[in-house]
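One structure is given below, encoded as structure tokens.
The values are calculated or read from the model by the stated rules, or taken from the named source; none is laboratory data. Only a predicted model underlies this, so the values are computations on that prediction, with no experimental measurement involved. Positions of Cβ are backbone-derived with ideal geometry, glycine not excepted, and every protein chain shown enters the neighbour counts. Each accessible area value is taken on the protein alone, full model and side chains, heavy atoms only, with ligands, DNA and RNA left out. Shrake-Rupley method; radii C 1.70, N 1.55, O 1.52, S 1.80 Å.
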Amino acid sequence: MKQGYKIAVIRGDGIGAEILSEGEKVLEAVSELEDFELEWIEYPHGAEHYLMTRELMGEDTLKELERCDAIYFGSIGDPRVEPGVLEQGILLTLRFYFDQYVNLRPVKLLEGVRTPLAGKRPEDIDFSVVRENTEDFYVGIGGRVKGNGKKRDELEIERKLYNIKFGLDIETDADELAYQIGVVTRAGCERVMKFAFELARSKGKKKVTSVDKANVLTHSYGLWREIFNEVARAYPEMDTEFNFVDAICMWLVKNPEWYQVVVTPNMFGDIITDLGAMIQGGLGLAPGANINPDGVSMFEPIHGSAPKYKGKGISNPVATIWAGAMLLETVGEKSASEKVLDAIEAVLKEGKVRTYDLGGNSKTSEVGDAIVSEIRRQD
Ligand code: IPM
Ligand code: MN
């Protein structure tokens, strides 16, 4: 019997549907050549579904998704819904529920793609960012002490309770106060750092860079740093270094060739991977994998839902198709995954079929078609 995989499809919002269709098309094509089967299971979650039903991501759906081999995700965000609702209620819920503690984001300048960095070539921009994906400022611990509609003495009580809860001594007359706590755990650091070192080893890389802000956020990133040093001891062949997050933003622009594998706390990873996307040619080319090595992983482009472009059929599907290649690699179809990536590279290098963001005028579906033809041609 053929090997088969159940893939949950969550198109989400904006351009999510149209780019994901191209991903499915390409994965379907390569599955025929490589002789495995893909079963696609559609889920309607996103803004439209939320506005109709008030459901973001229910317990029942999560239980069903547990039985899938992977989740293929489009994009999330809609102007009709307040920022944060869909992001937290759908995307972050999935990352946390499935404990996808690695957010792996390759930053690679493919041939035929222009980087805004003068004088840098494909061999200069080729590293992986391993972003911690379940801790830091993303845990959602926090609150607001609001002035609006509250009496002064009520506010006073809230402030005192807050001081007790967090062992602080804030004395303020300000009516409003907000706080959000970043959490770093030993177990959380160890597992993501081990993943980064193993990745470096498996890809024949020689250096792992750790990102933090241990000079200011001494508690949380102090622990992060200590654990990095501990984990590094098990990989004596690997060079290691620390970069402060502000400094790496600078060096990634000036000397991207220094980097091979970068491991970073969640929020800094969010920021530096958008920078990474730009130096690899744009958001339309940047894929991401939310990985739980022992569970269900989820694959998505790192860009958002681009509501303006919804339904126009002109958005670049390459990030999503590349994320599909990462999906194949993660479920164990390495050769299929390589075929997809080779075809993406060939199509970009040839340069005939490309979307507007890369200076072309091809449609989303034409890019998918070109990649499919290329896969068949190379076979
Ligand atoms: C990303 C996005 C998300 C994040 C948002 C949509 C919650 O920006 O995947 O990078 O911050 O992780
Ligand atoms: Mn982001």
Integer Hz, Karplus 6.51/-1.76/1.60 couplings in order for the range 278-285, x for Gly and Pro: 5, 6, 8, x, x, 4, x, 10
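Quick one: if the Förster radius is 56 Å, what FRET efficiency do SER373 and GLU66 give, using the C-beta to C-beta distance and rounding to 0.05?
Step by step, r from the Cβ atoms, then E = 0.95.
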With Cα atoms, 0 to 90° folded angle of helix 152-166 axis to the chain main axis: 70
Accessible area, probe 1.4 Å, largest first, for residues SER202, SER335, SER362: SER202, SER335, SER362
Sum of -39500 (n - 2.57) over DSSP H runs of 4+, divided by residues of the chain (222 nm, nearest 500): -12500 deg cm²/dmol
Filtered GluC sites (Glu not before Pro), the range 67-160: DSSP coil and at most 13 other beta carbons within 10 Å: GLU111
Under the Karplus curve 6.51 cos²θ - 1.76 cosθ + 1.60, θ = phi - 60°, whole-Hz ³J(HN,Hα) for the range 305-316, x wherever Gly or Pro sits: 8, 6, x, 4, 9, 3, x, 7, x, 10, 6, 7
Solvent-accessible surface (1.4 angstrom probe) belonging to CYS249, in square angstrom, nearest 10: 40
Amide hydrogen neighbours beyond the local backbone of PHE242, cut-off 5 Å, H modeled: SER210
Using alpha-carbon coordinates, inclination of helix 245-254 to the longest axis of the chain, degrees: 30
Formal net charge of residues neighbouring LYS312 (Cβ-Cβ distance under 12 Å; K, R +1; D, E -1): +2
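Once you keep just the Cα pairs under 8 angstrom separated by 6 or more residues, what percentage relative contact order results for the chain?
With pairs under 8 Å counted, the relative contact order is 24 percent.
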Local net charge near ASP246, Cβ-Cβ under 14 Å (Lys/Arg +1, Asp/Glu -1): +1
Under 14 Å from the Cα of LYS160 - aspartates and glutamates, other chains or at least 8 residues apart: ASP169, GLU171, ASP173, ASP175, GLU176
Rounded to 10°, Cα long-axis angle of helix 318-331 versus longest principal axis of the chain: 90
Accessible area of the chain divided out per residue, in Å², using a probe of 1.4 angstrom: 46
Ranking by accessible area, most exposed first, for ASP270, ASP13, ASP60, ASP239 with a 1.4 Å probe: ASP60, ASP239, ASP270, ASP13
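Counting every Cα pair in the range 236-379, what percent are over 27 Å apart?
Roughly 31 percent, rounded to a whole number.
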5 angstrom amide H check on VAL183, placed H, neighbours 5+ away: ASP136, PHE137, TYR138, VAL139
HN-Hα J in Hz across the range 2-9 - Karplus 6.51, -1.76, 1.60, θ = phi - 60°, x for Gly and Pro: 5, 5, x, 10, 8, 10, 7, 10
q = 0.14 Å⁻¹: log10 I(q)/I(0) that the Debye formula gives for the chain, counting C-alpha atoms only: -1.26
With DNA, RNA and ligands ignored, accessible area of PHE96 (1.4 Å probe; Å², nearest 10): 70
Added length on full extension, which subtracts the Cα-Cα distance from 0.36 nm per residue, ARG233 to TRP258: 6.9 nm
DSSP-loop GluC sites (Glu not before Pro) across the range 204-285, with at most 11 other Cβ within 10 angstrom: GLU237
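What do you get for Rg/Rh over the range 217-313 if you use C-alpha atoms and the Kirkwood form of Rh?
1.03
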Size of electric dipole in the chain: Cβ of Lys, Arg +1 and of Asp, Glu -1, about Cα centre, debye, nearest 20: 700
